[in-house]
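Asks: Got a structure for you, written out below as structure tokens; questions coming shortly.
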Amino acid sequence: MSGEWRAVTIAGVGLIGGSFALALRQAGFKGKIIGVSSPATVAAALDRGVIDQALPLAEAAAQSDVIYLAQPIERILETLSAIDGMVRPGTLITDAGSTKRAIVERARETIHRGRFVGGHPMAGKEVRGVEAAEADLFRTRPYVLTAPDPELERWIEKIGARIVKLEAAEHDRLVALVSHLPQLLSTALASLIAGHPEAARVAGPAAADLTRLARSPYDIWRDIFSTNATEIDGVLAGAIAQLQTLRENLLSQPEMQATFARAAEAASQLRQT
């Protein structure tokens, strides 16, 4: 099945799924958007106008051209194991999971009637839920795809995201460094500050900025850690080594100055991408 989308199912109408629905509408999508989530979530999504209809997955999948899986990773894996018999031949199934190797491997094993393209929008907030969804969440952000699909790519570009094509294993290696490690560093700093309650009295913007991610709920990250543990362990080891080097060079002006210069250049390049 290819061509213009007429009906899209969002499985998991939270922050990412809800934002994708709102972004499609803002970009001019005229078809039906169906939500599959808990009763409370779909009620909130209907109230906000994020979705047009709420249905069980099997009913939604049978009438949709696209299934967008925006659930936690383990739920995505479960859905991929069950959904192929629900869809029409050629239906596009894509996801927004934060790791890709386990998901792509599961889809390769289970998706035969449909066709699967792994995806990961590099966007989010430290809060979740459809109440936090916004149409511009993906604008200017990288959106990783693990396989080509012209119609999906067209809509991703229309919602303002920047397509990056990566193999699943390469995606997991890179996001361990630029997404998963920042979460753990933020969590570590906030945990350290928690042991010194008096520090909050003198905390300024630096502490607030660096601990923002520490507000993220663990249940979102549990599946990320379990499906990308090897890559995360590698970047954690690198971070620990880097911190040890900084410690050793604390009173060595030339080495510390060189590290600051290299880091400032890298930080500037990140903001230009």
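Asks: On the basis of being out of contact with any Leu (no Cβ under 7 Å at 6 or more places or on another chain), within 20 Å of residue 99 (Cα to Cα) and either crowded, with 17+ Cβ neighbours inside 10 Å or modelled with pLDDT of 95 or more (or both), does residue 202 make the cut? Reasoning before the result, please.
Replies: Working: out of contact with any Leu (no Cβ under 7 Å at 6 or more places or on another chain): yes; within 20 Å of residue 99 (Cα to Cα): no; either crowded, with 17+ Cβ neighbours inside 10 Å or modelled with pLDDT of 95 or more (or both): yes.
Here the answer is no, as residue 202 does not meet what is asked.
Asks: Hey, another quick one. Give the residue, chosen from 78, 59, that is free of Cβ contacts under 8 Å to residues at least 24 places away in the same chain and under 26 Å from residue 166 (Cα atoms). Steps first, please.
Replies: On the way: 59 fails: under 26 Å from residue 166 (Cα atoms).
One residue alone meets the criteria, 78.
Asks: Further question: Just to be sure before I move on: is residue 7 within 18 Å of residue 149 (Cα to Cα), without any contact (Cβ under 8 Å) to a residue 60 or more places away in the chain and over 19 Å from the mean Cα position of the chain (by Cα) in the structure I sent? Walk me through it before giving the result.
Replies: Details: within 18 Å of residue 149 (Cα to Cα): yes; without any contact (Cβ under 8 Å) to a residue 60 or more places away in the chain: yes; over 19 Å from the mean Cα position of the chain (by Cα): yes.
Considered against the rule, which asks whether it is within 18 Å of residue 149 (Cα to Cα), without any contact (Cβ under 8 Å) to a residue 60 or more places away in the chain and over 19 Å from the mean Cα position of the chain (by Cα), residue 7 comes out as yes.
Asks: I would also like to ask the following. Among the residues of the stretch 95-110 satisfying the criterion of being in contact with a Gly (Cβ under 7 Å, 6 or more places away or on another chain) and of a type outside the set (Gly, Ala, Ser), which is surrounded by the most Cβ atoms within 10 Å (Cβ to Cβ)?
Replies: Within the stretch 95-110, the match that is surrounded by the most Cβ atoms within 10 Å (Cβ to Cβ) is 95.
Asks: Of all residues in the stretch 252-273, which are part of a helix (DSSP H, G or I) and of a type outside the set (A, V, I, L, M, F, W, C)?
Replies: Restricting attention to the stretch 252-273, the residues satisfying the condition of being part of a helix (DSSP H, G or I) are 253-272.
The answer is 253, 254, 255, 257, 259, 262, 265, 268, 269, 271, 272.
Asks: Does at least one position in the stretch 124-131 carry a residue that is outside the structural domain of residue 241 (by TED's automatic domain parsing), at pLDDT 95 or above and in a helix (DSSP H, G or I)? Let's see the steps before the verdict.
Replies: First pass over the stretch 124-131, keeping only residues outside the structural domain of residue 241 (by TED's automatic domain parsing): 124-131.
This time we only want the ones that are at pLDDT 95 or above, so: 130-131.
Imposing the further condition that a residue be in a helix (DSSP H, G or I) reduces the set to 130-131.
Checked the stretch 124-131: at least one residue is outside the structural domain of residue 241 (by TED's automatic domain parsing), at pLDDT 95 or above and in a helix (DSSP H, G or I).
Asks: Within the set of pairs 6 or more residues apart or between chains, which connect a residue that is in contact (Cβ under 8 Å) with a residue 40 or more places away in the chain and more than 11 Å from residue 119 (Cα to Cα) inside the stretch 159-174 to a residue that is surrounded by 15 or more Cβ atoms within 10 Å (Cβ to Cβ) and hydrophobic (A, V, I, L, M, F, W, C) with Cβ atoms less than 7 Å apart?
Replies: 159/23; 159/24; 159/27; 159/138; 160/138; 161/138
Asks: A further question on this structure: Which residues, counting only those in the stretch 143-172, are more than 23 Å from residue 27 (Cα to Cα) and surrounded by fewer than 18 Cβ atoms within 10 Å (Cβ to Cβ)?
Replies: Those that are more than 23 Å from residue 27 (Cα to Cα) and surrounded by fewer than 18 Cβ atoms within 10 Å (Cβ to Cβ): 167, 169, 170.
Asks: Continuing with the same structure: Answer with yes or no whether residue 84 is surrounded by fewer than 21 Cβ atoms within 10 Å (Cβ to Cβ) and free of Cβ contacts under 8 Å to residues at least 24 places away in the same chain. Steps first, answer last, please.
Replies: Working: surrounded by fewer than 21 Cβ atoms within 10 Å (Cβ to Cβ): yes; free of Cβ contacts under 8 Å to residues at least 24 places away in the same chain: no.
When the stated conditions are applied, residue 84 does not pass them.
Asks: Can you find a residue in the stretch 211-229 that is in the same structural domain as residue 267 (by TED's automatic domain parsing), over 16 Å from the mean Cα position of the chain (by Cα) and of a type in the set (Ser, Thr, Tyr)?
Replies: yes
Asks: Of the residues 137, 181, which is modelled with pLDDT of 95 or more, over 12 Å from the mean Cα position of the chain (by Cα) and surrounded by 18 or more Cβ atoms within 10 Å (Cβ to Cβ)? Talk me through it step by step, then tell me what you get.
Replies: Values: 137 fails: over 12 Å from the mean Cα position of the chain (by Cα).
Exactly one residue qualifies, and that residue is 181.
The values are calculated or read from the model by the stated rules, or taken from the named source; none is laboratory data. A quick note: this is a predicted structure, and the numbers were derived from the prediction, not measured. With ideal geometry, Cβ positions are generated from the backbone for all residues, glycine too; neighbour counts draw on all protein chains shown.
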